[in-house]
1. Checking residue 37 against (1) modelled with pLDDT under 90; (2) within 26 Å of residue 76 (Cα to Cα), which test does it fail?
2. Just to be sure before I move on: is residue 87 more than 16 Å from the ligand (Cβ to nearest atom), surrounded by 11 or more Cβ atoms within 10 Å (Cβ to Cβ) and free of Cβ contacts under 8 Å to residues at least 40 places away in the same chain in the structure I sent?
3. Residues of region 10-30 being more than 13 Å from the ligand (Cβ to nearest atom) and touching a strand residue (DSSP E or B) at 6+ places or on another chain (Cβ under 7 Å), which ones?
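The values are calculated or read from the model by the stated rules, or taken from the named source; none is laboratory data. Only a predicted model underlies this, so the values are computations on that prediction, with no experimental measurement involved. No Cβ is skipped: glycine too gets one built from the backbone with ideal geometry, and neighbour counts run over all protein chains shown.
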Ligand SMILES: [Zn+2]
């Protein structure tokens, strides 16, 4: 057994959610596009903030955030979009 193989640490490789570049699973930022990964995800891509922005300031303009966030599954993105549009269209009737 060589010294190099003794100290070799295999870090699992994953990919950036935004650009698809290969990154280590422990990386907090992508080395190509510098986008935050996992716990360093930008606050406006977190589902709680997206919902808050949609119902306070952005309305339907929050939908691009819904579709770009890596935190929601494709079905959750559809459900969130339909709910946001339904509530916004209901609210516009009272304006
Ligand atoms: Zn990237």
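1. (1) is the only condition that residue 37 fails.
2. Details: more than 16 Å from the ligand (Cβ to nearest atom): yes; surrounded by 11 or more Cβ atoms within 10 Å (Cβ to Cβ): yes; free of Cβ contacts under 8 Å to residues at least 40 places away in the same chain: yes.
Spelling it out, residue 87 is indeed more than 16 Å from the ligand (Cβ to nearest atom), surrounded by 11 or more Cβ atoms within 10 Å (Cβ to Cβ) and free of Cβ contacts under 8 Å to residues at least 40 places away in the same chain.
3. If we filter region 10-30 for residues that are more than 13 Å from the ligand (Cβ to nearest atom), which is where we start, we get 10-13, 25-26.
Residues satisfying the conditions are 11, 13, 25.
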